[in-house]
Structure formats: C-alpha cells, structure tokens
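**Q** For reference, the structure I am asking about is given below.
The values are calculated or read from the model by the stated rules, or taken from the named source; none is laboratory data. Computed from a prediction, not measured in an experiment: that's the story for all the values here. Ideal geometry is used to build each Cβ from the backbone, glycine not excepted, and the neighbour counts take in all protein chains shown.
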C-alpha cells in the first residue's frame with residue numbers, strides 16, 4: 001500500500017487552506033445587493049466620523065460593528081433589532097487591553113489600544129459595546145472611560 005509522505009500532506013493542506021481563504025465570502029460585484037454606502041464625513045476635529053456612514057435606506061452598512069452590536073443585543077434581550085436605538089459610535093483609545101471593561105482576576109496588556117465604543121439604547125436602558133480596531137464588539141456591563149475621558 002502506498003502512503004503519501006507527511007511533507008506532501010502538509011503542502012497539500014496549506015494549498016487547500018490558501019485556496020479556501022481566496023474563495024471567501026467577500027463582497028463581489030453583481031451579487032444582487034443594490035445597497036450603496038455613502039462615504040464617511042469629517043467630524044469637527046477633522047477626523048472621519050463613522051457615525052454618519054449609512055446605506056441608501058438610512059441604516060448602518062451591513063456587517064459593521066454597529067450591526068454586530070445591535071444583533072448581539074437583540075439576541076440577548078430577545079427584542080427586534082428595530083427596537084434598538086443607536087446612541088453613538090465613537091473612536092476611543094482604551095488605556096489597556098481590557099478595552100475599558102476590566103474583569104476581576106484578569107491580567108491585561110498595559111498598552112494603549114485604538115478601538116470603538118458603541119452605545120445602544122432599549123427602553124431607556126443604555127448598553128455599552130467595546131471593541132479593539134475592527135474586532136467584533138462585546139457588551140461591557142461595567143464600562144470604564146477611554147484615554148482622556150472622565
């Protein structure tokens with residue numbers, strides 16, 4: 001019985017993974033999605049104001065951190081996503097790897113981390129979602145301020 005050498009199996013596996021990654025579920029022209037996204041505007045400080053990026057229907061672009069936070073909160077509260085108000089989405093520099101949401105007994109990198117805070121509201125209750133960079137945001141039940149905030 002012939003066996004395939006381990007090196008060949010590793011190379012074939014790598015080739016398969018690279019091929020699958022290249023065939024990802026990216027946004028491709030002609031996929032039937034007619035939604036267009038308005039370009040971001042500039043805020044008072046001259047930076048990009050991500051809160052104004054919307055689709056033609058007036059909703060945040062599909063797949064954004066806001067969408068992810070809304071979907072998570074809707075699932076947690078068992079409410080329709082339409083019942084959730086987006087209060088704010090803002091760029092934040094977190095003081096450390098806890099992303100403004102330190103947990104007891106955990107250690108965090110002691111370096112500044114650029115990220116995002118998304119504030120959502122349902123029935124008068126505000127919920128704070130935090131993220132680093134473009135990572136998926138998470139619900140922070142006891143939020144702390146970012147660098148330079150009080």
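**Q** Take the residues in the stretch 62-76 that are exposed (fewer than 15 other Cβ atoms within 10 Å of the Cβ) and in contact with a strand residue (DSSP E or B) (Cβ under 8 Å, 6 or more places away or on another chain), then tell me which one is modelled with the lowest pLDDT.
**A** The extreme case among them is 62.
**Q** Name every residue in the stretch 89-146 that is within 14 Å of the chain's Cα centre (by Cα), buried (at least 18 other Cβ atoms within 10 Å of the Cβ) and on the phi > 0 side of the Ramachandran plot, in order of residue number.
**A** 99
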